[in-house]
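Participant: Just dropping this structure here.
Each reported figure results from applying straightforward, stated rules to the coordinates on display, with no laboratory input. Computed from a predicted model, the values in this text were never measured in an experiment. A quick note on method: Cβ atoms are made from the backbone with ideal geometry, for glycine too, and the neighbour counts reach across all protein chains shown.
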Amino acid sequence: MANSAAIGIFDSGIGGLSVARAVRELLPNESLMYVADSGHAPYGEKTDDYIYQRMDHITRHLTAAGVKAVVVACNTATTAAIARLRAQYPLPIIGVEPGVKPAVLASKSGVVGVLATPRTLLTPAFATLTQRYAGQAKVILQPCPQLVPLIEALAFNSDNIRALLKSYIQPLLAQGADTLVLGCTHYNFVADSIADIAGPDVSIIRTEMAVARELQRRLAEADLINTDLITPDLMNKGTSKATDIFYTSGNTDIFSTQLQCLWGSADTFSLLQHPIAD
Ligand code: DGL
């Protein structure tokens, strides 16, 4: 496996771009190959089997394209089926799970709220995570079914989204939650509104940088870090010479607009149509 090979990252849509941003920040000279499975979103309302079929399909194409590691940048997919995916493919596969452990550690009131898709909160993997790390804390689950489509529409600061966020967050605060877990990668894009609604005394737990660090650790362990493109100048500027390629199973015009809002101007990425995302 070449160290210059890309890192594959996928999600049901744009949520995983928050993880890709963290990877880009921590590993500036790795190339990224990102798949937004927008034609099959939202995962949060699909069955585990359906989600696994999509994970398998995307991972098969990513590995055929030569990636050296895969990041499942989606809590729903990770909790639904990452164990099955790992059993199928020999390369490092890094997932993202709701940050229950750091939330319990951060909470002073002993009450933690978890915002996530309905699917994530129903999975046995999430139940195991909560059993393992809740300890004496009370962990309140808050499914947020309508949030992902509004975030996909880039309506981050709309009245609609604020009203919806309030309806999800206020009952958690009323029950004494002082820590909120963003258990869906899409929610990172409305983290500021969540923090604003929750107020200054509430901690917000995000996991994308922890995922990037875990990826870095796994690449280092397998001696797969790319050192070819590093120059001191590029490192100092925090810029990247790496080429990032994006695919979508949805509408490429919409994804292009989303990328220009969340990634960079059109000359900073390649957006391709490929059977990877069928
Ligand atoms: N971004 C995904 C997650 O982290 C879910 C979005 C969806 O429902 O498709 O769970």
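Participant: Mind computing the radius of gyration and Dmax over the alpha-carbon atoms of the stretch 8-64? Å is fine for both.
Facilitator: Spelled out, the Cα radius of gyration and Dmax of the stretch 8-64 are 12.2, 36 Å.
Participant: Given q = 0.21, 0.22, 0.24, 0.29 Å⁻¹, what are the Debye log10 I(q)/I(0) values for the stretch 48-116, with equal point scatterers placed on the Cα positions and solvent ignored?
Facilitator: -0.84, -0.89, -0.99, -1.31
Participant: Please arrange Cys74, Cys144 by how many other C-beta atoms lie within 10 Å of their C-beta, fewest to most.
Facilitator: Fewest to most other Cβ atoms nearby, the residues stand as Cys144, Cys74.
Participant: Could you work out how far apart the two model spin labels at Gln131 and Ala87 are, taking each label as a point 7 Å from the Cα in the direction of the beta carbon, and quote it in nm?
Facilitator: Going from the Gln131 label point to the Ala87 one covers 1.8 nm.
Participant: What aspartates and glutamates could a cross-link reach from Lys138, if we take a straight Cα to Cα line under 20 Å and drop same-chain neighbours fewer than 8 places away?
Facilitator: By straight Cα distance, Lys138 reaches Glu97, Asp178, Asp201.
Participant: Still on this structure, I have one more. What does the charge count around Tyr52 come to, taking other residues whose C-beta lies under 14 Å from its C-beta (Lys +1, Arg +1, Asp -1, Glu -1)?
Facilitator: Summing Lys/Arg as +1 and Asp/Glu as -1 gives +2.
Participant: Can I ask one more? So if I take the centroid of the Cα atoms in the stretch 182-228 and the same for the stretch 71-110, what is the distance between those two points in Å?
Facilitator: A separation of 12 Å, based on Cα centres.
Participant: So, one more: Work out the P(r) tail for the stretch 53-166: percent of alpha carbon pairs separated by more than 22 Å, whole number.
Facilitator: 47
Participant: Please state, to two decimals, what the Cα-based radius of gyration of the chain comes to when divided by 2.2 N^0.38 Å (N = residues).
Facilitator: 0.98
Participant: May I ask you to derive the relative contact order of the stretch 1-115, considering only C-alpha pairs under 8 Å and at least 6 residues apart, and to give it as an integer percent?
Facilitator: Averaging sequence separation for qualifying contacts and normalising by length gives 29 percent for the stretch 1-115.
Participant: Mind checking the angle between helix 75-88 and the chain's longest principal axis? C-alpha axes, 0 to 90 degrees, to the nearest 10.
Facilitator: 50
Participant: Mind checking which aspartates and glutamates have their C-alpha under 17 Å from Lys68, skipping anything on the same chain fewer than 8 residues away?
Facilitator: Within reach: Glu30, Asp56, Glu214, Glu221, Asp223, Asp228, Asp244.
Participant: Excluding Val104 itself, calculate the net charge of residues whose Cβ lies under 13 Å from the Cβ of Val104, where each Lys or Arg counts +1 and each Asp or Glu counts -1.
Facilitator: +3
Participant: Using the basic label-point model (7 angstrom from Cα toward the beta carbon), what is the Ser158 to Thr63 distance in nanometres?
Facilitator: Spacing of the two 7 Å Cα→Cβ label points: 3.9 nm.
Participant: Go ahead and estimate [θ] at 222 nm for the chain from helices alone: -39,500 (n - 2.57) per DSSP H run with n ≥ 4, summed, over the residue count, rounded to 500.
Facilitator: Taking each H run of at least 4 residues, the total per residue is -13500 deg cm²/dmol.
Participant: For the stretch 104-167, treating each Cα as an identical point scatterer without solvent, what Debye log10 I(q)/I(0) comes out at q = 0.13, 0.18 1/Å?
Facilitator: Values returned for q = 0.13, 0.18 Å⁻¹ are -0.46, -0.76.
Participant: At a 10 Å Cβ-Cβ cut-off, how would you order Asp37, Asp192, Asp223, Asp48, fewest neighbours first?
Facilitator: Neighbour counts put them in this order, fewest first: Asp223, Asp192, Asp48, Asp37.
Participant: Here's something else I'd like to know. Amide H neighbours of Ile204 under 5 Å, at least 5 residues apart or on other chains, H built in the peptide plane: list them.
Facilitator: Amide H neighbours of Ile204, under 5 Å, 5+ apart: Leu180.
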